[in-house]
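Colleague: Got a structure here, written out as structure tokens. Questions coming.
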Amino acid sequence: MRNEKISLVIPAYNEAAIIKNTIETALAFLSRFSSDYELIISDDGSTDETKRIAESVSDAHLRIVSHFPNRGKGCAVREGVLAAKGDIVISTDADLAYGIEAAGELADKLAIEMADLAIGSRKLHPKGYEDYPFIRLIASRLFSLITGLLAGFRYDTQCGLKAFSAKAAKEIFSRCETNGFAFDFEVMLYAKGLGLSVTQLPVRIINHRDSKVAVMRDSLKMFGDIIRIRSTVRRRLEREIGSV
């Protein structure tokens, strides 16, 4: 059992069908994993019963942050992370796509390797993309190729499982502005520009469900966003530290 305070941040948008089970699963895991912990559900302006259901769960370790109207996953993750009080801050998706145990493995890897960030990578797991719909697989690999060319790294930026030291979490997310799905790219650009250390954990999706991403529409928007994000991050870091 870890002694550091662990914050687990889960963004949620219209997740009424699963949010109670997600909360119960996460709290049960955290109680086994750490002697001090908090679960933060960051509601992204849900129009269903997500927020009400989350608030109905009585547990001192559970916190709800929210905004309205819906702004995007990036905003939900950012608000949740900035509200976190843990020594290690983990973010994962509401469907626990990689399994709740992977969150613990990522936190362990972060601590053992004394890294600033630990990120999940489907690219490093032999079954990381098993059972992926063909169009989503192509879009994911194309996005990875483009971000690699533009940023010079080969991370699985869009994997929804990441862990941060408290210091790294604040340094990165206090600068982030992207509300949409491309926020992960912004996170990794800031990590690189700030010289933060990154380690990776091979992961695979074990809980499959239909994606909320409209592959063609959102992919085109994301490709546009990464050009804007690269320019914005570069200008900000040049102002702050004189280099990227």
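The values are calculated or read from the model by the stated rules, or taken from the named source; none is laboratory data. Remember, predicted model here, so these are calculated numbers, not experimental data. When we count neighbours, we look across all protein chains shown, and the Cβ atoms used for this are built from the backbone with ideal geometry, even at glycine.
Colleague: Given the structure, is D93 among the acidic types (D, E) and assigned to a helix (DSSP H, G or I)? Break it down stepwise before answering.
Modeller: Values: among the acidic types (D, E): yes; assigned to a helix (DSSP H, G or I): no.
Here the answer is no, as D93 does not meet what is asked.
Colleague: Which residues, taken from segment 55-83, are touching a Phe, Trp or Tyr at 6+ places or on another chain (Cβ under 9 Å) and in a loop (DSSP other than H, G, I, E, B)?
Modeller: Result: H61, N70, G72.
Okay, residues lined up against (1) among the polar types (S, T, N, Q); (2) touching an Asp or Glu at 6+ places or on another chain (Cβ under 8 Å):
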position: P69; (1), (2): no, no
position: G80; (1), (2): no, no
position: A83; (1), (2): no, no
position: I88; (1), (2): no, yes
position: T92; (1), (2): yes, no
position: Y98; (1), (2): no, no
position: I146; (1), (2): no, no
position: L150; (1), (2): no, no
position: Q158; (1), (2): yes, yes
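Colleague: Output the residues belonging to segment 62-80 that are in contact (Cβ under 8 Å) with a residue 60 or more places away in the chain and at negative phi.
Modeller: Step one: filter segment 62-80 for residues in contact (Cβ under 8 Å) with a residue 60 or more places away in the chain, giving 71-78, 80.
Listed by number, the residues that qualify are R71, K73, G74, C75, A76, V77, R78, G80.
Colleague: Still on this model: Can you tell me how many residues in segment 1-30 are among the polar types (S, T, N, Q), more than 23 Å from M114 (Cα to Cα) and not in a loop (DSSP other than H, G, I, E, B)? Before you say what the answer is, go through the steps one by one.
Modeller: The initial filter retains those residues of segment 1-30 that are among the polar types (S, T, N, Q), namely 3, 7, 14, 21-22, 25.
With more than 23 Å from M114 (Cα to Cα) added as a condition, the list becomes 14, 21-22, 25.
Those left that are additionally not in a loop (DSSP other than H, G, I, E, B): 21-22, 25.
Total meeting the criteria: 3.
Colleague: Counting just the residues of segment 21-53 that are in contact (Cβ under 8 Å) with a residue 40 or more places away in the chain and under 16 Å from N207 (Cα atoms), which one comes out surrounded by the fewest Cβ atoms within 10 Å (Cβ to Cβ)?
Modeller: The selected residue is T25.
Colleague: Still on this structure: Can you pull out the residues in segment 228-242 that are exposed (fewer than 14 other Cβ atoms within 10 Å of the Cβ) and farther than 10 Å from R175 by Cβ? Give the steps one after another, and end with the answer.
Modeller: To start, the set of residues in segment 228-242 that are exposed (fewer than 14 other Cβ atoms within 10 Å of the Cβ) comprises 228, 231, 235, 238-242.
Passing the criteria: R228, S231, R235, E238, R239, I241, G242.
Colleague: I18: of a type in the set (A, V, I, L, M, F, W, C), buried (at least 22 other Cβ atoms within 10 Å of the Cβ) and either modelled with pLDDT of 95 or more or touching a helix residue (DSSP H, G or I) at 6+ places or on another chain (Cβ under 7 Å) (or both), yes or no?
Modeller: Details: of a type in the set (A, V, I, L, M, F, W, C): yes; buried (at least 22 other Cβ atoms within 10 Å of the Cβ): no; either modelled with pLDDT of 95 or more or touching a helix residue (DSSP H, G or I) at 6+ places or on another chain (Cβ under 7 Å) (or both): yes.
No, not satisfied.
Colleague: In addition: Give me the helices (runs of 4 or more DSSP H) completely within segment 103-209, filtered to those with at least 2 residues that are buried (at least 17 other Cβ atoms within 10 Å of the Cβ) and under 14 Å from the mean Cα position of the chain (by Cα), ordered by residue number. If you could, list the steps in order and put the result at the bottom.
Modeller: On the way: elements: 134-151, 166-173, 183-193.
Of the helices (runs of 4 or more DSSP H) lying wholly inside segment 103-209, those with at least 2 residues that are buried (at least 17 other Cβ atoms within 10 Å of the Cβ) and under 14 Å from the mean Cα position of the chain (by Cα) span 166-173, 183-193.
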